[in-house]
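*Asks:* Shown below is the structure under consideration.
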Amino acid sequence: MAALEVAELRRQNEELERAAREGREREEALRGDLERTQERLRAVEEAEERLCVELGELEAEAVAQAREDLLRIETLSHQLSAARALLASAGLRLDLPAAD
């Protein structure tokens, strides 16, 4: 082999080694990015799960409160009817202002 060919092969070898090194560096950087992204994804999924649980609890509380409110309205309605009946039996009439 001529010295020129040897020099050319060395140059090509150096270029290939540099390209391989740069490829490994890019791969490491991408792997780090992937790991950070996976960690963020895990954190987001955990937060989503906590929010879903909290939302479920709030919905259950809202349903319970609505039931309590409805029961209270029914109780007050019955009391009002009884009061009106009592007043009517006494010859009195209860006029309430219209609700807005």
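Residues checked against (1) at pLDDT 95 or above; (2) in a helix (DSSP H, G or I); (3) out of contact with any Lys or Arg (no Cβ under 8 Å at 6 or more places or on another chain); (4) surrounded by 10 or more Cβ atoms within 10 Å (Cβ to Cβ):
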residue	(1), (2), (3), (4)
M1	no, no, yes, no
E22	yes, yes, yes, yes
R26	yes, yes, yes, yes
A47	yes, yes, yes, yes
D69	yes, yes, yes, yes
L76	yes, yes, yes, yes
L80	no, yes, yes, yes
A99	no, no, yes, no
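*Asks:* Let me ask something else about it. If you check L16, L34, L9, which single one turns out to be surrounded by 10 or more Cβ atoms within 10 Å (Cβ to Cβ), without any contact (Cβ under 8 Å) to a residue 60 or more places away in the chain, under 44 Å from the mean Cα position of the chain (by Cα) and in a helix (DSSP H, G or I)?
*Replies:* Only one candidate qualifies: L34.
*Asks:* Can you tell me which residue in the stretch 82-97 is surrounded by the most Cβ atoms within 10 Å (Cβ to Cβ), limited to those that are in a helix (DSSP H, G or I) and not polar (S, T, N, Q)?
*Replies:* R84
The values are calculated or read from the model by the stated rules, or taken from the named source; none is laboratory data. Predicted model only: the values in this text are computed from it and were never measured. Note: ideal-geometry Cβ built from the backbone for every residue, glycine included; neighbour counts use all protein chains shown.
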